[in-house]
Structure formats: structure tokens, C-alpha cells
1. What residue, of L39, L17, is more than 16 Å from the ligand (Cβ to nearest atom) and at negative phi?
2. Select, from T118, T122, T157, the only residue that is more than 30 Å from S227 (Cα to Cα) and in contact (Cβ under 8 Å) with a residue 12 or more places away in the chain.
3. Pairs under 6 Å by beta carbon, first residue in the same structural domain as V164 (by TED's automatic domain parsing) in the stretch 30-43, partner open to solvent by 40 Å² or more (accessible area, probe 1.4 Å) and modelled with pLDDT of 80 or more, six or more apart or different chains?
4. Show me the strands (runs of 3 or more DSSP E) entirely contained within the stretch 106-201 in which 3 or more residues are of a type in the set (A, V, I, L, M, F, W, C), surrounded by 22 or more Cβ atoms within 10 Å (Cβ to Cβ) and within 14 Å of the ligand (Cβ to nearest atom).
5. Identify, please: which residue in the stretch 60-97 is open to solvent by 20 Å² or more (accessible area, probe 1.4 Å) and part of a helix (DSSP H, G or I) and is, among those, nearest to the ligand (Cβ to nearest atom)?
6. Could you check the stretch 202-212 and list, in sequence order, the residues that are touching a helix residue (DSSP H, G or I) at 6+ places or on another chain (Cβ under 8 Å), in a helix (DSSP H, G or I) and surrounded by fewer than 16 Cβ atoms within 10 Å (Cβ to Cβ)?
7. Report the residue count in the stretch 43-59 for those that are part of a helix (DSSP H, G or I), over 17 Å from F109 (Cβ atoms) and of a type in the set (A, V, I, L, M, F, W, C).
Amino acid sequence: MIRIIPDVLDADGIARLRAILDAADWIDGNETSGPQAALAKRNQQLPEFGEAAAEAGRIILDALGRSPFFIAAALPLKIYPPFFNRYAGGENFGDHIDNAIRMRRGTDFRIRSDLSATLFLTDPDSYEGGGLVIEGMTEPPGLKLPAGHMVLYPSSTVHRVEPVTAGSRVASFMWVQSMVRDQAQRNLLFDLDMGVQGAAATLGQGDATVVRLTGVYHNLLRLWADS
Ligand code: NI
């Protein structure tokens, strides 16, 4: 299931990020690809270990940490430090599937990619093409969200970025290892969470039914989550 997380970044956050990204040097995007993805990928990327990626990545991770909707949907255990990419002049990323395990070179950080996330950083009206097509979930021409919005989707799906035929498309992407590995369990917890919050808004947090259902949520999380 795909989930759209609106307004991960506000206008101020987007402006701060764009200032960092516009001043940075970009390199060929194939630095980070596995062999299959490298064949399909034509874009530019910020150097993974550069200061610009680190600074911009911190802004995004801070924002995600303050997003209850992201936390409810992803139940994140670990997030791979965000990457930044740019497509222009017909560049695209053909059909591929993201690697299951990512290791960060020179560190002991490793992550299982349960969810992939794209945070859009350019206004969709400012470029042509560049839609994100996720097999079985979005139809061509694909998803183009307003700047500051994020899409979360299962890393197990084949996906692509359509060629950008005019303007340029800048985005950040990252992988999330969820505390709840199983997608069906994660979706069920999300639905229950939303239901409990809805009931709490109507009945109040102290209502006996709300207390009981909140307990069910946490007890399911206790059963299914790794921390
Ligand atoms: Ni991908």
C-alpha cells in the first residue's frame, strides 16, 4: 500500500533545503546502485558522504521525527540517511527493485529496506514527465506530489521514474526499516491507530472504550514489533 504524507516540510524547510542543494556539486547517480539498478538509472545525485547531503539529510530526519503520520504509517526502526537526486534533460530511472539490505560504506550501519520513501522537492508544474510509477499501485504518468510531500511504498515493488523532458525534478529518497516487518500487520496497526485516534477525538482519551482499544494497539505492537 502506498501512503502519501503531506507537508513533511513547510515552505521554510523547502527553501533551506533548496539553498543547500542549489549550491552543492552533483555527481552521476550510479555511485549507489546495485548492478541491475545501474543499468536502469540515469540521473544526478549528491555525493553520499558529502557535507551537503549530511546537512540536508538532518533537516529531513528532524522533520520526519516530528511527523505523527509518518511514524504511524512507517513505525520506523531505522532510516538510511537520505539521498538526493536530480533528473533533467530526458533522464530517468527505469523499472527496478531496491536492494533488500543496504550497508553504509565504512560504518557498521546496515538496514533492511521495508519501505522506500520519496520526498518531492520541486513544484510539479516546474517540470515535465518525472512521475513515479509503482507497479500495481500507480498508473503512468505516475505520481508527482507538491514540494514537501512524501510518498511511502513497499520496497518489494518494482518502480521507475519516467523521463524528465523539461525543467528539472529534485527529490530526496530514503529507505526505512520498520519495527514491524510484515506489511499486513503494519497496515492493520495503522488502521487501528487511526480508528483509536478518531474515537478519542469524539469520546475523549479517558473514555473506557478508548482506553481498552489503545491497550489493544499497544499489545499488538508488543507482539509484532522489534525494537
Ligand atoms: Ni528505487
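The values are calculated or read from the model by the stated rules, or taken from the named source; none is laboratory data. This structure is a prediction, so every number in the text was calculated from the model and none was measured. Because the Cβ atoms are built from the backbone with ideal geometry, glycine has one as well, and the counts that use them run over all protein chains shown. The protein model used for the area step is the full one, side chains on, heavy atoms only, and it has no ligands, DNA or RNA in it. Shrake-Rupley method; radii C 1.70, N 1.55, O 1.52, S 1.80 Å.
1. Working: L39 fails: more than 16 Å from the ligand (Cβ to nearest atom).
The match here is L17.
2. On the way: T118 fails: more than 30 Å from S227 (Cα to Cα); T157 fails: more than 30 Å from S227 (Cα to Cα).
That would be T122, the only listed residue that is more than 30 Å from S227 (Cα to Cα) and in contact (Cβ under 8 Å) with a residue 12 or more places away in the chain.
3. Close Cβ pairs (under 6 Å, with a partner that is open to solvent by 40 Å² or more (accessible area, probe 1.4 Å) and modelled with pLDDT of 80 or more) amount to G34/N99; A38/N30; K41/N30.
4. Working: elements: 110-112, 115-120, 132-134, 150-154, 159-161, 164-166, 168-178.
The strands (runs of 3 or more DSSP E) meeting that bar are 115-120, 168-178.
5. Checked the stretch 60-97; the qualifying residue nearest to the ligand (Cβ to nearest atom) is L61.
6. Within the stretch 202-212, L203, T209 qualify.
7. Within the stretch 43-59, the first condition is being part of a helix (DSSP H, G or I), and the residues that meet it are 51-59.
Among the residues that remain, those that are also over 17 Å from F109 (Cβ atoms) are: 51-52, 55-56, 59.
Adding the requirement that they be of a type in the set (A, V, I, L, M, F, W, C) leaves 52, 56, 59.
The qualifying residues number 3.
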